[in-house]
C-alpha cells in the first residue's frame, strides 16, 4: 500500500501529517516513510531514529570527447532541455539541465558522448522499531529533483515488502517532482488549509491527481481558521474529507520544537484514527 | 562591430527587454554598414528550462560581438557567452534601444 501525501500549496502540513501518521501506524504495522521533498527534506526533524544505511546517489550525464566528435550537431538537435550547446567546433554540456534521457549519447554516430556518473545527492535509511524513514537530499547546486525521487522510490520498492505501509511525503506544488512522487501511489492524500489560498491551490492539486487518474482524499489542517469554502468545494466535487486537524496553539508549539503530536494531543490521534480506518477500508477493497 | 540588444520590439524606438534568455526579440545593429536586423526569440516560451544557453547560442550564430541587456544573463548563459567571446553590458533594461546604444557610447553601461 503506497500513500502519497501531497498538496498544491506549501506549508499546509504534509510533513506534520506524514510523520504523525507514520508513527501512529507503526504502532501496529511495518511502515516506511519516504521523504521525497528532496530539495528540502525535513521529516527527520520530527523522528528520532538510528542510521541503518547510507548511500550516495548518482545521475548519468553525457561527457564530450572532442577527438571523436565530427560536429554533426545531432546531440544538440535532439536535446529537449537545452543541456547541449554547440558553439562552432565546441560542444558544451550543462549537467544541471540534463534529464539523463541518453538521447544524445545513444544517437551520437561516433560515440563521442559517453554517459558518466555524477553524484547528485545522498539517501539515508533510518530505523526506529517498526518505522523506517528514508530521506534523500539533493546536493547543493543540483537542479533536478526527479531522478533522485525516482531512485528513492526504487530503493523503497526493493527493500520493503508488499505489506509494508509506504508513505510518501511529497514536494509541494503540481510540477514534475510532485508527479514523480505520486504517480506510483495507490492513494493520494491532499493536505489543505481552509483559506482562500488553500482552496485555490487545492483545486490545482485536484486537477493534477485527476489527470493521473488516482484515488484521493483531502485532509484539512488548521481546521477552524478561514471559512467553509474548502468543505463546500469537496462536497460539491464528491471528494472525501478524511480528517480535520484542529487549529491549535498546542499543536503549533509541539511542531515548532520538532515533536510528534498525536501522543500528546488526543484530538490529533482521533483524526489519525479516521485516516487509518479509511485506509484499511481501501486495502480490503471496500470504499474507493 | 555587431551589437545585439534584448528588446520588446523591432524598432530603434522599441523598449529594451530586461531579460536575456527569455527576451522577446533581438535587434542586431551592424555599425560598419549602419544596418540592423531583428530576430524573433519568442519560441523560447515553449522551453521550461535552458532558455539562457539556447538564446546565447543564437547570439553566437548571429555573430554578435557585443550584447546589451538589462539584468544580465544567468550562470549557464554567461558560460556560453563567455566561450563565444561576446562582451556583455547590463543596466539598459528600462531604456529604448536608441538610448541604450547612446548609453554604451557614453560608457554609461555596466560591463558584466
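Annotations
- On Cα atoms only, tilt of A:196-211 relative to the major axis of chain A in degrees: 60
- The residues B:7, B:79, A:15, when put in order of fewest to most other Cβ atoms within 10 Å, stand as B:79, A:15, B:7.
- Where N is the number of residues in the protein assembly as shown, Cα Rg divided by 2.2 N^0.38 Å: 1.22
- With R₀ set to 41 Å, the beta-carbon distance separating residue B:61 from residue A:215 gives a calculated FRET efficiency near 0.25.
Read-outs: derived from the displayed coordinates by stated rules, not from any lab. A quick note: this is a predicted structure, and the numbers were derived from the prediction, not measured. As a convention, Cβ positions derive from the backbone with ideal geometry for all residues, glycine included, and neighbour counts pool all protein chains shown.
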